[in-house]
Amino acid sequence: MTKVLDFKNVTRAYKAAKVTAIADVSFEVNESEFFCFVGPSGCGKSTILRLIGGIEPITSGTMEKPNEVSMVFQSGALLPWMSVEENVSFVNKAKGLSRMKIDEQTTKYLKMVDLEAFRFRYPRELSGGQKQRVGIARALAVEPKVLLLDEPFSALDPVTTDELHECLLKVWQETQKTIVMVSHSIEEAVFLSDKVAVMKQGGIKEILEVKLKRPRNSESKDFLQLLDKIKSLLES
Ligand code: ADP
């Protein structure tokens, strides 16, 4: 298995604020793995994504990661003055890719998230779920080695969240991308991921492998047992 991410004893401190967001964090993510961080608000989940995204530097430790990563944000973070197509293609345009290549990538990923028919719409004309699908297509269009998702479904209703879970699993299976996601929902993490890192107060308490077969049944005994295990880790 090829390692895509390797954190060894990584600490990130905000010195001015005298806050240590994460301390001594170690984990590895393999190629094509779906890896998820769960834990209470403020435990350092988003900090880890920002470090992988190269938005911030580490304070100490070592971090190996590819440069080609892209992020799907909580709100979709679409540019309101651009159409769906333009939102998905603008980074590739800025990179100077050929028109044909840009069009090929845009069409491929809009199809993958079932939004080709919405190509010429604007964000204001889309539902919350559709905006997140555009956010996923945009992140994929630059062909990243790692796809990062920061609580991407937290603002959506339960039915739309289920649809987006299916969409993300389809994207993952078709592209074989390495995915690193942050979630505040243990159910979501267990439903989607190969591995769940349980975080508490700036550290990883345990990394659990989810061996349940897909498609997963969130009411099965094994699923519920794993949820209980994670809950007790969070409470201990
Ligand atoms: P989570 O994503 O788990 O909610 P974060 O990674 O956002 O947590 O934050 C971890 C800790 O670091 C929190 O205590 C937060 O207040 C602090 N923190 C995050 N960003 C900054 C910053 N830019 N300056 C100072 N403290 C920060």
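Quick rundown of the values:
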item	result
Euclidean distance between Cα centres, region 89-115 to region 1-70, Å	29 Å
Overall Cα dimensions of region 6-120 - principal axes, largest extent first, Å	47, 29, 26
Value of relative contact order over region 2-91, rounded to a whole percent, pairs C-alpha under 8 Å and six or more apart	32 percent
DSSP-loop trypsin sites (Lys or Arg not before Pro) across region 58-104, with at most 11 other Cβ within 10 angstrom	95
Range of Cα positions in region 144-236 per principal axis (Å), largest first	37, 30, 26
Dipole magnitude of the chain about its Cα centre (Cβ charges: Lys, Arg +1; Asp, Glu -1), debye to nearest 20	540 debye
Segment residue 235-residue 207, extension gain: residue separation times 0.36 nm, minus the distance between their alpha carbons	8.5 nm
Highest average packing first - 56-62, 150-156, 28-34, Cβ atoms within 10 Å	150-156, 28-34, 56-62
Principal axes of region 114-192: Cα extent on each, largest first, Å	35, 29, 18
Computed over region 105-212: relative contact order in percent, which uses C-alpha pairs under 8 Å that are six or more apart	21 percent
HN-Hα J in Hz across region 88-93 - Karplus 6.51, -1.76, 1.60, θ = phi - 60°, x for Gly and Pro	6, 9, 5, 5, 5, 5
Distance in nm between pseudo-label sites at residue 8 and residue 220 (7 Å out along the Cβ direction from Cα)	3.7 nm
Mean residue ellipticity (222 nm) of the chain, computed from DSSP H runs ≥ 4 via -39,500 (n - 2.57), nearest 500	-11500 deg cm²/dmol
Lys/Arg +1, Asp/Glu -1 at C-beta; the chain dipole; positive extreme among 208, 117, 94	94
Taking the convex hull of Cα positions in the chain, its mean projected area over all directions (nm²)	13.6 nm²
Loop-located GluC sites (Glu not before Pro) in region 64-148 whose Cβ has at most 12 other Cβ within 10 Å (DSSP)	68
Over the chain, relative contact order from alpha-carbon pairs under 8 Å, at least 6 apart, %	27 percent
Potential lengthening between residue 124 and residue 100 on full extension [0.36 nm per residue; Cα-Cα distance subtracted]	5.9 nm
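Readers should treat all values here as calculations from the given coordinates under stated rules, not as data from a laboratory. Note that the coordinates shown come from a computational prediction; the quantities given were computed from them, not determined experimentally. Cβ sites come from the backbone with ideal geometry, for glycine too, and all protein chains shown count toward neighbours.
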